[in-house]
Each structure stands twice: as C-alpha cells, then as structure tokens.
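See structure below.
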Amino acid sequence: VKLIGIGIIGLGLAALGLKLAKNRFAYGITLQGAGLAIAYLTTFFAYSVYHVLSSVPSFMGLGILSAITIGLAVRQNALPLALLALSGGFFAPILTSSDIGNLVTLFSYYLLLNITIAIIAHYRTWKMLNLLGVMVTFGLAYYWGATENLSAVIEAQRWSLVLLVALHVLLYLFVVIRYAQQIIAYNTLNEANFADIDIADTVNNTNNIDKVHLGNNSYVFPIDTGLLFSVPILAFGLFSALLDGISNALTITSAVLAAIYLGIGWVFVQRSQRYALITEGMLALGFGFLALVIPLAFDAEWIAFGWSVQGLALVWFGRRSLRAWSVLFGLLLQLLSIAMLMITVFFTIKDYPTLALTISALSYLATMFILRASNSPAVLDNSLSRASQQHMTSDLPSSI
C-alpha cells in the first residue's frame with residue numbers, strides 16, 4: 001500500500017508538471033522529471049528490495065515508464081526532463097548497492113533504461129543523456145568489480161552477463177551512428193542555407209566547403225568521439241574479466257569486435273565524404289581490435305610476424321585512401337614487430353624464427369616500396385594533374 005501510494009504521488013507530480021509546462025515550462029519540466037524518477041524508484045524497490053512484484057509486471061511497469069519518458073521528452077524537446085527522470089532510474093540500484101546477488105537482473109534493468117536513451121537518440125542529439133547512460137552503467141560495473149568479490153556471481157551468471165555487455169555495445173553503436181547522421185544532415189542544411197545567402201561569392205570561390213565552414217558559426221563536429229571510443233574499450237575490459245580463464249574466448253571476442261567495426265567502417269567508406277570522420281573512427285577501432293587478436297592468440301615471434309603484415313596492409317590502405325592515421329598506425333605496428341623480433345633473436349635461447357623474420361622483412365621492404373612509390377615524381381605529376389582538372393571544373397558555373 002505504501003509503495004502504491006508513493007507511485008501514485010510520483011505520477012501525479014508528473015501530470016501536474018505536464019499541465020503547468022504550458023505556462024511555466026522550466027517548473028513544469030522539473031516536476032515531470034521528479035515525478036517520473038519517483039515512479040522508477042518505486043517500481044525498482046518493489047521488485048528488488050521488498051519483493052512485492054515479480055519480474056514480469058515490474059519490467060512491464062518500467063517499460064511503460066520508459067515509453068512515457070520518451071514521449072514527454074521528445075514531444076516537449078526537454079533534455080532536463082529526460083535527465084531528471086532517467087537519473088532517478090539509473091541511481092535507484094546505487095541506493096541499494098548492498099544487493100548485488102543477481103547482476104543479470106540489475107543490468108537487464110539498465111539495458112531497458114539504455115534502450116530508452118537509444119530511442120530518444122533517434123530523435124534528439126542529446127550527448128549529455130548518452131553520457132549519463134554510459135557513465136552510470138559501466139562505472140557501476142567497474143566499481144563493483146574493483147570493490148566486491150564477484151567471482152561466485154560471475155561463475156553462475158557469466159554468459160548472461162556477456163550477452164548483456166554485448167547488447168550495450170550494439171546499442172551505443174547505434175546511438176553513435178544515429179548522432180553522426182543527424183549532425184551531418186544538420187550541417188548540410190546549414191551549408192545550403194549559407195550558400196543561398198552568399199551565392200555570388202561561393203560561385204567564384206574555388207574552396208566553397210571551407211568557406212562555408214569558416215563563415216558558418218553553427219557548424220557542429222559530426223561525431224561523438226568520446227562515446228565512439230569509450231564504449232568498446234570499457235566493454236572489452238568487462239569481457240576480459242568475465243571471460244578470464246576460458247581458452248581463446250578473449251581472442252574470439254577481439255576478432256568479433258574487429259569484424260563489426262571494420263564492416264561498419266567499410267559500409268561508410270562507400271558513403272559521401274561527409275562520413276569521413278566516423279568512417280575513420282570505425283576503421284581505427286576495427287584495426288585496433290584486429291591488432292589485439294594476434295598477441296592474444298600467438299607467441300612472441302608470431303606476434304611480430306602478424307603485426308608486420310598487418311602494418312603493411314594499413315600502410316597500403318592509408319596510401320590508397322589518403323588517410324594519414326592508417327599509415328602512421330601501420331608504421332607503428334611494424335616498428336613494434338621489429339622490436340619484438342630483435343628481442344626474440346637476442347634474448348631467447350632457441351632456434352631463430354626464420355620464417356617470421358623472412359616474411360616480416362619482406363613486409364618492411366614492401367612498405368618502403370609503397371611509401372617510395374607514392375612519393376615518386378610520376379605519381380605526384382598524376383595527382384597534380386587530377387587536382388588541376390578538378391580545380392578547373394570547380395571554377396565553371398553550375399549552369400554549364
């Protein structure tokens with residue numbers, strides 16, 4: 001009865017805030033957020049602490065509250081409402097942090113809240129809301145992992161927890177891609193509006209895009225860099241803890257993550273140049289996880305062999321696609337492979353890794369050839385010729 005009364009008070013506050021928001025927006029939004037937060041807390045406590053609700057009705061109630069939060073926040077374009085309501089939902093388990101016996105229940109609940117954030121992210125570019133979800137979800141996981149002895153809990157719930165971490169990675173991958181799409185569309189619209197205002201100058205300018213960006217103060221960086229890189233790195237740390245002691249499990253995980261990010265990066269390579277930043281971010285993560293596969297799976301000399309070949313591939317890709325980070329990353333891998341081979345040759349008492357040394361040496365020579373050929377006079381002349389043709393084409397009036 002007490003819980004029902006508190007829940008009704010929370011929903012009543014939210015209804016009152018919705019009514020008052022028409023005339024006093026900030027005050028109304030605050031009441032709505034506080035009321036929904038109370039409703040989240042009450043539902044979670046009814047299930048997790050007092051056990052007066054079973055799992056199905058409690059998660060149905062949380063799903064309804066999430067739908068209400070999404071509808072009100074998107075309809076009123078109210079970031080404070082979403083922050084207040086979802087903060088109450090996220091911090092409810094922290095208030096009962098002594099009850100960590102069922103991590104699957106806890107992170108299933110967090111997954112539902114993060115799905116709410118992802119649905120809101122489909123309509124609104126609210127980086128602060130995305131940051132809230134990542135910080136609380138992964139922060140609490142790392143905090144409990146560092147301060148509590150969870151070995152027995154992990155042993156009993158290992159694969160369910162692995163699945164939940166994987167779902168969070170995919171969920172925030174969607175959020176990152178959707179954010180980039182919305183910001184790119186916003187920037188494109190602003191560029192078009194700016195070009196319409198100053199069409200005479202832009203027609204005669206040979207570097208229109210740069211001029212638009214310099215003159216357009218509303219240009220927004222089209223990628224959430226923190227979210228893109230933090231989620232897979234934090235998730236990989238959780239995977240390493242959950243899969244500790246299982247042969248080749250982390251190697252397979254790294255390979256799967258590499259395939260996902262390289263695949264998405266390849267898809268974006270086919271898109272317009274406006275997607276260049278998110279493409280490079282995805283490819284960088286993909287190559288990074290691919291580089292981790294080798295040391296996780298092989299011995300020292302074969303790590304050096306794998307990194308030398310992978311470095312060659314990255315240098316080739318970087319020169320073909322004109323991406324400096326790829327060339328630098330490839331050269332760094334090759335330098336590391338040289339160091340590991342030298343350590344193996346001079347400080348280990350066993351047969352020399354002849355095959356690894358031979359193939360690595362060929363990879364280094366091929367890398368030198370690619371870099372030298374890319375800077376040869378003939379290639380430079382061809383590049384300058386193409387650039388000159390594009391320059392002449394850009395000077396022609398659009399009607400021609």
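Going highest first, how would you order 19-25, 170-176, 124-130 by mean Cβ packing within 10 Å?
Going from most to least packed, we get 170-176, 124-130, 19-25.
For a quick protection proxy, order the peptides 181-187, 113-119 by their average other-Cβ count within 10 Å, most packed first.
Final packing ranking: 113-119, 181-187.
Run the paramagnetic zone check for residue 170: 7 angstrom along Cα to Cβ, then residues of the range 223-246 with backbone nitrogen under 16 Å.
In the range 223-246, the label zone of residue 170 (backbone N under 16 Å from the point 7 Å along Cα→Cβ) covers 232.
Can you give me the distance in nm between label points at residue 241 and residue 158, each placed 7 Å from the Cα along the Cα-to-Cβ direction?
1.6 nm
Pairs of Cα atoms under 8 Å, at least six residues apart: use those to get the relative contact order of the range 1-125, whole percent.
Taking the mean separation of contacting Cα pairs over the length of the range 1-125, I get 24 percent.
Taken together, the values in this text are just the output of simple stated rules run on the coordinates, not laboratory data. Computed from a predicted model, the values in this text were never measured in an experiment. A quick note on method: Cβ atoms are made from the backbone with ideal geometry, for glycine too, and the neighbour counts reach across all protein chains shown.
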